[in-house]
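Just below is one structure, and these are the notes that go with it.
Each value in this text was obtained by applying a stated rule to the coordinates, not by laboratory testing. These figures come from a predicted structure and were not determined experimentally. Cβ placement follows ideal geometry from the backbone for every residue including glycine, while neighbour counts extend to all protein chains displayed.
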Protein chains: 2
Amino acid sequence: MSDEPHSTLSFDDTVHQRARLGILTILQETGTADFSYLKSTLQLTDGNLGRHIEVLANGGLVQVKKGYEGRRPRTWVTLTKAGRTALAVEMDALKALVARFDLSQDPKKSGTKTV
Amino acid sequence: MSDEPHSTLSFDDTVHQRARLGILTILQETGTADFSYLKSTLQLTDGNLGRHIEVLANGGLVQVKKGYEGRRPRTWVTLTKAGRTALAVEMDALKALVARFDLSQDPKKSGTKTV
């Protein structure tokens, strides 16, 4: 066991939650995505996706813009600079967690003990 | 963008939730841990830790044993085989997510486009 703070303590629930992590990682690649693209890629309902986007927008991690494409109403979601930073912090914490897991899987580098 | 299912779709909320991921990764190293050890390492309240352990126990991912050490009541939490498997599945999904994130950070390997 390491005496360092456990890496899950670095996770922010706003970012770590499954659907929101999905939204942020997609936006990290695309910059901006349409509501219906996020919905189909992440297999969420309208209501569910709407609530998660609201949480992210309230945290300043995404910006939402409503408009029309022709007559069709559309909603675009854009990653903010704060969102990009928050995702990078989460990814660093995930990498630390995965590295610790891999280390504990290697019997040469780890002793198992009951605490 | 990849056409593969998004890696966050592989996450199971029972395992992925921040505190529960912490509990499982600690138990993966220790096999069994005492309630108060988990509480201090993960900086949770009694009530909060108790609820997360209940969710994991209901999912068959941990077993709980109550007893005494001298006169002091203690609660031990042990990872089950199903818990070990579920954590390994989560770790594979996290690795895929981190790899995709790293790839998108490399401008030579990724194009940014709006969808």
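Which distances, shortest first and in nm, link B:Arg74 to the matching position in the other copies, using label points set 7 Å out along Cα to C-beta?
6.2
Name the long-range amide H neighbours of A:Arg74: under 5 Å, sequence gap of 5 or more, or other chain; modelled H, no Pro or chain starts.
Excluding prolines and chain starts, which carry no amide H, the hits are A:Gly67, A:Tyr68, A:Glu69.
Starting from a label point 7 Å past Cα on the Cβ side, list the distances from B:Ala88 to the same position in the other copies, nm, shortest first.
3.5
Pop out the Kirkwood hydrodynamic radius of chain A from its pairwise C-alpha distances, inverse of mean 1/r, in Å to one decimal. Could the numbers behind the result be given before it?
Values: mean 1/r = 0.0627 Å⁻¹.
Its Kirkwood hydrodynamic radius stands at 16.0 Å.
Nearest to the axis that maps chain B onto chain A: list the chain B residue whose Cβ wins, with the distance in whole angstrom.
Reported as residue, whole Å: B:Leu94, 3.
Mind jotting down the distance between the C-alpha centroids of the range B:1-39 and the range A:1-48, whole Å?
15 Å
Can you tell which of B:Val98, B:Val62, B:Val77 shows the greatest fluctuation in a Gaussian network model of chain B with Cα springs below 10 Å?
Judging by the Gaussian network model, the answer is B:Val98.
Please turn the phi angles of the range A:47-53 into ³J(HN,Hα) values with the Karplus equation 6.51 cos²θ - 1.76 cosθ + 1.60 (θ = phi - 60°), one per residue in order, whole Hz, x for glycine and proline.
Each residue's phi maps through the Karplus curve to give x, 5, 4, x, 5, 5, 5 Hz.
Rank the residues B:Thr14, A:Thr80 as a footprinting-exposure proxy: fewest other Cβ atoms within 10 Å of their Cβ go first.
A:Thr80, B:Thr14
Which value, in debye to the nearest 20, gives the size of the charge dipole of chain A about its Cα centre, when Lys and Arg are +1 and Asp and Glu are -1 at the Cβ?
About 380 debye.
Within a 10 angstrom radius of each residue's Cβ in B:13-19, how many Cβ atoms of other chains show up on average? Whole number is fine.
4
Is there a quick way to get the dipole size of the protein assembly as shown? I mean about its Cα centre, with the Cβ of Lys and Arg at +1 and of Asp and Glu at -1; what is the value in debye to the nearest 20?
Computed charge dipole of the protein assembly as shown: roughly 220 debye.
I need the phi-derived Karplus couplings for the range B:76-90: 6.51 cos²θ - 1.76 cosθ + 1.60, θ = phi - 60°, integer Hz, Gly and Pro marked x.
The phi angles translate into 10, 10, 10, 6, 8, 4, 4, x, 5, 5, 4, 5, 5, 5, 4 Hz.
In nm to one decimal, list the spacings between the B:Glu54 label point and its equivalents in the other copies, with label points set 7 Å along Cα to Cβ, shortest first.
Label-point distances to the other copies, shortest first: 2.7 nm.
Using DSSP to call loops (not H, G, I, E or B), can you name the trypsin sites (Lys or Arg not before Pro) in the range B:1-94 whose Cβ has at most 15 other Cβ atoms within 10 angstrom?
B:Arg71
Between their Cα atoms, which of B:Lys39/B:Lys81; A:Lys65/A:Lys95; A:Lys81/B:Lys95; A:Lys66/A:Lys95 are more than 29 Å away from each other?
A:Lys65/A:Lys95; A:Lys66/A:Lys95
When the Karplus curve 6.51 cos²θ - 1.76 cosθ + 1.60 is applied with θ = phi - 60°, which whole-Hz ³J(HN,Hα) does each residue of the range A:91-97 get, with x for Gly and Pro?
Per residue, the Karplus-derived 3J(HN,Hα) values read 5, 4, 5, 5, 4, 5, 5 Hz.
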